[in-house]
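The values are calculated or read from the model by the stated rules, or taken from the named source; none is laboratory data. Please read all numbers here as calculations on a predicted model, not as lab measurements. All Cβ positions, glycine included, derive from the backbone under ideal geometry; neighbour counts span all protein chains shown. We work out accessible area using only protein heavy atoms, side chains counted, and drop any ligands, DNA or RNA first. Shrake-Rupley method; radii C 1.70, N 1.55, O 1.52, S 1.80 Å.
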Amino acid sequence: MLEEVAATRYVTPLREGGSLPGIVEADDLGTYVMKFTGAGQGRKTLVAEVICGRLAQRLGLRVPRLVQMQLDPVIGLGEPDQEVQELLKASGGLNLGMDYLPGSIGFDPLAYQVDPVEAGRVVWFDALINNVDRSWRNPNMLVWHGELWLIDHGATMIWHHNWPTAEAAAAKPYNASDHVLAPVGPDIARAAAELAPRVTRELLTEVAAEVPDEWLVDEPGFDSTDALRRAYVEVLLPRAATIHERITMEAEVKARSGPPGWLAERLAPQPHRKKSDSE
């Protein structure tokens, strides 16, 4: 189960996101990006964030740590923005927090090089969860300490907005032609060979179990939250086994040039400094 913290101070909104997430401080002294149950996309966005974010982490992809975050709307009383005030008032109770990565920068394919192996892992994962929000227009990736981090998985698994058609929707191909990493030449076959066997029923069941009950209740067509969790498992499990066969991409992509030398040095992963014996 995700760790639970309580929001203590609303810092500022992040207006780049359509759901108006905000930076908040919590009682564990951490700083988080909070996504709200009262946002226009609703609680299914948070369900997708948990299932996809935790699945990515279990598969070895970098995603900021996720927490359940209790919100008392009173912390927004001093917020001058009426839109933010209304969002906080509508989101009392349990929301979702993601570790804030201070100093991170938005991914720019012209400034940060990704090798085909890592690109293949990201594209394969996005195909599995049917992520339509990792295009060159909106990469939803950050570079932090010289490494690639994946964020914003709320617009995934679109089939869970219409469960009667979920099986048919999940069987459709994934068009990666517009994916921000398509020009890299992602090694999809290698990613599938490595990751698909790890997506087991047990793993998916564990990941789905981390979604709080209150974000799953009263879903039409399901008599319990456990039944709804099983539905996520039953869609993702067969998709993992075969989705690599249904990833479509432009036959030819132009190789992009690398970043200038000074920028490449700054973005390259830095080894952790070891303490000397005298420290």
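Remark: the HIS145-GLU194 segment gains 15.1 nm on full extension, using 0.36 nm per residue and subtracting the alpha carbon distance.
Here the contact order of the chain, divided by its residue count and restricted to Cα pairs under 8 Å and six or more residues apart, works out to 20 percent. Place a point 7 Å from Cα of ARG9 in the direction of its Cβ. Which residues in the stretch 23-55 have their backbone N less than 18 Å from it? From the stretch 23-55, the list is 23-34.
Hand me the tally of lysine pairs in the chain: alpha carbons under 25 angstrom apart, and the pair either on different chains or 8 or more positions apart. Write down the numbers at each step before the final one.
Numbers: LYS35/LYS44; LYS35/LYS89; LYS44/LYS89; LYS44/LYS172.
Final tally of qualifying lysine pairs is 4.
Entry comment: accessible area of the stretch 1-157 is 40 Å² per residue, from protein heavy atoms only and a probe of 1.4 Å.
Starting from the Cα of ARG137, move 7 Å in the Cα-to-Cβ direction to define the label point; list residues of the stretch 172-192 whose amide nitrogen is under 20 Å from there. Only 174-184 fall inside the zone, counting backbone N under 20 Å.
Its relative contact order, with pairs defined as Cα atoms under 8 Å and 6+ residues apart, puts the stretch 190-238 at 45 percent.
With the full set of protein chains in place, find how many percent of the accessible area of the chain is carbon and sulfur; take the probe as 1.4 Å. Please report the intermediate quantities before stating the final value.
On the way: 7270 of 13910 Å².
Here carbon and sulfur together make up 52 percent of the probe-accessible area.
Calculate, in whole percent, how much of the Cα-Cα pair population of the chain lies beyond 24 Å.
Values: 20634 of 38781 pairs.
Counting pairs separated by more than 24 Å, the tail of P(r) holds 53 percent.
With n ≥ 4 as the cut-off for DSSP H runs, can you work out [θ] at 222 nm for the chain, using -39500 (n - 2.57) per run divided by the number of residues, rounded to the nearest 500? Mind dumping the intermediate values first?
Details: 8 runs with 84 residues, N = 279.
It lands at -9000 deg cm²/dmol.
For the stretch 1-57, the gyration tensor built on C-alpha atoms gives an oblate shape. Its axis ratio a/c (a ≥ b ≥ c) is at least 1.5, and a/b is not larger than b/c.
Using the reciprocal of the averaged 1/r over all distinct C-alpha pairs, how large is the Kirkwood radius of the stretch 131-263 in Å? Present the calculation step by step, with values, prior to reporting the outcome.
Working: mean 1/r = 0.0582 Å⁻¹.
That comes to 17.2 Å for the stretch 131-263.
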